[in-house]
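See below for the structure under consideration.
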Amino acid sequence: MSELPKPQFTVYVVALIAALAGLLFGLDIGVISGARVFIAHDFHAGDGVQEAIVSAVLIGAVIGTLISGVLSRKFGRKRTILVSAVIFAAGSLLSALSISSAMLIAVRILLGVAVGIASFTAPLYLSEMSPRKIRGRLISMYQLMITIGILLAFLSDTWLSYGGHWRIMLGILVIPSVVMFAGVWFLPESPCWLFLVDRKDKAREVLSRLRATISEVEAELTGMEENLQQQSNGFKLLANPNFRKVVFLGIVLQMMQQFTGMNVVMYYAPKIFHDAGIASATGDMWTTVLVGLINVLATFIAIAFVDKMGRKPILALGFTIMGVSLGLVGMMFSLGMTSALHRYFAIGMLLVFIAGFAMSAGPVIWVLCSEIYPLKGRDLGVTISTATNWLCNAVVGSTFLTLLADFGDAHTFYLFAGMNIVFIFILLRFAPETKGVSLEQIEKNLMSGVALNRIGK
Ligand code: BGC
């Protein structure tokens, strides 16, 4: 087995830069919560307009995801990430210069397009660049960046809020966009994509920089060659029941991630803390920062264990923790939060919930969704699952306040708790374990009709 020069370091550097797309995703999601009040004041925006300003990014993200399949297939993963960095930079600048709510809404739709493209392309690129033994860890770095982005946004919101500088809050995001553009410029293109567009020598050259031995490089290339010969392209693949099955699995996995209820806490943490009896604005602020911090820290659990324990055990544990903690939050609300102890227990449980998400469904659903599709249908599959993620994100975000008003706090939390428990069964029954298996092997199993929960064998 001939050895190639140390690829591990290169792989980590490549992954870190590509994962910056997650940072922008997180910054953008997080920044608006702090800026909203000041924007509303300057533009005299009522509730409806404020909601539109917040959710414009989600609409843009769905559009971005839908076009990124075509972009990444035609122009490659790398150039698609570069496009998203340019849109991020332009959108951040324009949103800081907005002169009306209408302009801000339009610009935030554009920013959403960049978020959508990034959330599609980065995990896909990472999965195709990674050696199989550390693939889960490297894709999880993308989620780590998302959580760091959210935390940084919470912190900068808190810091800049003293002077109400919302234009700076939004405009400052130009800096990470430029950094990402400059970093990604120097990255190699994905070997899988190069292979797909018949630039096989270049694919071999890139793989040689990323793998430890020549035999690993050759095995991956042979796997791609065999798989490509057997299949038709993108939409035509939908005629194949095995492909349809896995597309459906991707949809269900992303629905599960969003219906854990995570974004309810992301978007409405201050309100939940307020309802639980932490009344002061500073209390709200610091607990929100704490939410962001726990979200970052617990992601390291996934990074450490996703390639050792595997995807399914981590997810099963995460759903259990989320189900139980949300159930207890619901119980505390129904008991009425009569003492400080009750209140702190409820808040503690909410933080346990965040940790449960961050160590499991946060990163691992993205990991699975970038691993399960065959190469020729990967753009289409990831487009569909990522669009599902954003659509469900919008549904959860826009219905939570109504749920609270109609069902009350306790029942709303019971509802999310119950869903998490149901997800354990769906996971165990249908999801595959993909730890340590090459993408080519997963594809071979899937397309030869093996049951979904066994395609990683
Ligand atoms: C989810 C987002 C969520 C974030 C929180 C991501 O994996 O897709 O919807 O806001 O995690 O960390």
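Worth pointing out:
- Pair list, Cβ < 6 Å and 6+ apart or interchain, from the stretch 152-166 residues that are open to solvent by 10 Å² or more (accessible area, probe 1.4 Å) to residues that are modelled with pLDDT under 70: THR158/MET285
- Residue satisfying condition, being within 15 Å of the ligand (Cβ to nearest atom) and of a type in the set (Val, Ile, Thr), within set ILE139, ILE168: ILE139
- Top-ranked residue in the stretch 257-278 [being of a type in the set (A, V, I, L, M) and more than 11 Å from the ligand (Cβ to nearest atom); ranked as most open to solvent (accessible area, probe 1.4 Å)]: ILE278
- ILE303 vs. criteria farther than 18 Å from PHE259 by Cβ, surrounded by 17 or more Cβ atoms within 10 Å (Cβ to Cβ) and either of a type in the set (Ser, Thr, Tyr) or in contact with a helix residue (DSSP H, G or I) (Cβ under 7 Å, 6 or more places away or on another chain) (or both): yes
- Residues in the stretch 196-220 that are open to solvent by 10 Å² or more (accessible area, probe 1.4 Å) and without any contact (Cβ under 8 Å) to a residue 40 or more places away in the chain were compared, and the one that is farthest from LYS376 (Cα to Cα) is GLU205.
- Residues in the stretch 239-248 that are open to solvent by 10 Å² or more (accessible area, probe 1.4 Å) and either touching a helix residue (DSSP H, G or I) at 6+ places or on another chain (Cβ under 7 Å) or not in a helix (DSSP H, G or I) (or both): ASN240, ASN242, ARG244, LYS245, VAL247.
- Test: residue in the stretch 130-137 that is aliphatic (A, V, I, L, M) and crowded, with 24+ Cβ neighbours inside 10 Å: no
- Among the candidates LEU326, LEU341, the residue that is at pLDDT 85 or above, open to solvent by 30 Å² or more (accessible area, probe 1.4 Å) and assigned to a helix (DSSP H, G or I) is uniquely LEU341.
- Every pair of residues 6+ apart whose Cβ atoms lie under 7 Å, when the first sits in the stretch 25-46 and is within 12 Å of the ligand (Cβ to nearest atom) while the second is in a helix (DSSP H, G or I) and among the acidic types (Asp, Glu): SER33/ASP157
- Residue that is surrounded by the fewest Cβ atoms within 10 Å (Cβ to Cβ) [pool: residues in the stretch 51-65 that are β-branched (Val, Ile, Thr) and farther than 10 Å from ILE105 by Cα]: ILE63
- Filtered by the rule that a residue be under 24 Å from VAL13 (Cβ atoms), open to solvent by less than 50 Å² (accessible area, probe 1.4 Å) and assigned to a helix (DSSP H, G or I), the stretch 167-181 gives VAL174, PRO176, SER177, MET180.
- Applying the criterion of being within 11 Å of LEU170 (Cα to Cα) and open to solvent by 60 Å² or more (accessible area, probe 1.4 Å) to the residues of the stretch 73-109, the residue that is farthest from the chain's Cα centre (by Cα) is LEU97.
- Set side by side, the residues ILE39, ILE99 differ, and just one is on the phi < 0 side of the Ramachandran plot and not in a helix (DSSP H, G or I), which is ILE99.
- Output for the stretch 45-84, where each listed residue is modelled with pLDDT under 90 and not in a helix (DSSP H, G or I): ALA45, GLY46
- Positions within the stretch 417-439 being over 20 Å from the mean Cα position of the chain (by Cα) and among the basic types (Lys, Arg), in sequence order: ARG429
- Residue within the stretch 118-126 that is at pLDDT below 95, in a helix (DSSP H, G or I) and open to solvent by 20 Å² or more (accessible area, probe 1.4 Å) present: no
- Selection of first residues in the stretch 343-360 that are closer than 20 Å to GLY26 by Cα and touching a residue at least 40 places away in the same chain (Cβ under 8 Å) and of second residues that are open to solvent by 30 Å² or more (accessible area, probe 1.4 Å) and within 14 Å of the ligand (Cβ to nearest atom), restricted to Cβ pairs under 6 Å at least 6 apart or on distinct chains, gives the following pairs, ordered by first then second residue: LEU351/ILE294; ILE354/ILE294; ALA355/ILE294; MET359/ILE301.
The values are calculated or read from the model by the stated rules, or taken from the named source; none is laboratory data. Note that the coordinates shown come from a computational prediction; the quantities given were computed from them, not determined experimentally. No Cβ is skipped: glycine too gets one built from the backbone with ideal geometry, and neighbour counts run over all protein chains shown. All accessible areas refer to the heavy atoms of the entire protein, side chains included, with ligands and DNA or RNA removed. Shrake-Rupley method; radii C 1.70, N 1.55, O 1.52, S 1.80 Å.
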